[in-house]
């Protein structure tokens, strides 16, 4: 939505332009009638009179023409002065408002920590932002296309205009404080460079990068990416799976989000569920009875996953459980254990 201040200025500019056009028409027609100048000479005399450049007359003027010229000069001083004033105010105000908006946005970004940085707001970047918004995760987008920034920037989607390949842009996005970086640039070489820079600036950050070519996979992993996504490969596998096991895949697609923002699958650190000084089992948690949620996965302290763990599995510190439930059951789980929604 356009700023109300800019709407007012735009209206004033349109008025000033209309007045200038009317003044030009009056001048041309007046000189044409009063002096019998050709149309070219009439336009020439009108322009040099309005702009007050001081060039000589095409032909000597009679008294009536001189009076008309005086009127034209006085009127043009007022109208041209008004037009210059309006245009100058518009430029200065627009620059000031844009600068204030950028400072306000940067202040908001500087306050973020453990956030996500999305590099590139193309198809993959937009999907990532949509998912993060649904999970209420804080993030900032780095985008090099100014039109894209102006079109999509909002209080919910903060942007930094610039090239993610540049270290100072990554620093403005808070890469040292960020928990994760998603590099979704269209060029594989740019993604490799971003991954290298981000890993050098924050050795603990989790980096997820897209790749167009399978040959880039190893380079991105070597550069420091924790995960490399090949959208074309995933898309092909997904379409083939819809042929082989359509109902199963449709069910899996609806696991993470129902509708717009209702989450029905979540991972939770065991420290949030109980005092890890005393070992417990999945059965001891009794999440099914307390919340209605089912434990469908377990990630141990070494990062290994176990699907559908046994009820007698002992929960070790620094591990996570993955639970599945309806949105209201997940909400009950979060409320019961005072788990902050991510």
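The values are calculated or read from the model by the stated rules, or taken from the named source; none is laboratory data. Just so we're clear, the structure is a prediction, and the values are computed from it rather than from any experiment. We place every Cβ from the backbone using ideal geometry, glycine too, and count neighbours over all the protein chains shown.
Can you spot a residue in region 88-105 that is crowded, with 16+ Cβ neighbours inside 10 Å, closer than 30 Å to residue 18 by Cβ, in contact with a helix residue (DSSP H, G or I) (Cβ under 7 Å, 6 or more places away or on another chain) and in contact (Cβ under 8 Å) with a residue 24 or more places away in the chain?
As a first pass, look at region 88-105 and keep what is crowded, with 16+ Cβ neighbours inside 10 Å: 90, 105.
Of the ones still in play, those that are also closer than 30 Å to residue 18 by Cβ are 90.
When the remaining residues are screened for being in contact with a helix residue (DSSP H, G or I) (Cβ under 7 Å, 6 or more places away or on another chain), the result is 90.
Right, trim to in contact (Cβ under 8 Å) with a residue 24 or more places away in the chain and you get 90.
Yes: one or more hits.
Out of region 168-202, which residues are in a loop (DSSP other than H, G, I, E, B) and either in contact (Cβ under 8 Å) with a residue 40 or more places away in the chain or outside the structural domain of residue 140 (by TED's automatic domain parsing) (or both)?
So in region 168-202, the residues in a loop (DSSP other than H, G, I, E, B) come out as 173-179, 184-187, 202.
Passing the criteria: 173, 174, 175, 177, 178, 179, 184, 185, 186.
Name the residues in region 291-312 that are touching a helix residue (DSSP H, G or I) at 6+ places or on another chain (Cβ under 8 Å) and crowded, with 17+ Cβ neighbours inside 10 Å, would you?
Looking only at region 291-312, we keep the residues that are touching a helix residue (DSSP H, G or I) at 6+ places or on another chain (Cβ under 8 Å), and these are 291-295, 298, 309-312.
Matches in region 291-312: 291, 293, 295, 298, 309.
Conditions (1) modelled with pLDDT of 85 or more; (2) surrounded by 11 or more Cβ atoms within 10 Å (Cβ to Cβ), marked per residue:
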{"position": "210", "(1), (2)": "yes, yes"}
{"position": "214", "(1), (2)": "yes, yes"}
{"position": "218", "(1), (2)": "yes, yes"}
{"position": "221", "(1), (2)": "yes, yes"}
{"position": "227", "(1), (2)": "yes, yes"}
{"position": "240", "(1), (2)": "yes, yes"}
{"position": "243", "(1), (2)": "yes, no"}
{"position": "249", "(1), (2)": "no, yes"}
{"position": "260", "(1), (2)": "no, no"}
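Only residues that are part of a loop (DSSP other than H, G, I, E, B), at pLDDT 90 or above and touching a strand residue (DSSP E or B) at 6+ places or on another chain (Cβ under 8 Å): list them for region 271-299, please.
Correct list: 293 only.
What residue, of 114, 165, is part of a loop (DSSP other than H, G, I, E, B) and surrounded by 19 or more Cβ atoms within 10 Å (Cβ to Cβ)? Let's see the steps before the verdict.
Details: 114 fails: surrounded by 19 or more Cβ atoms within 10 Å (Cβ to Cβ).
Result of the check over 114, 165: 165.
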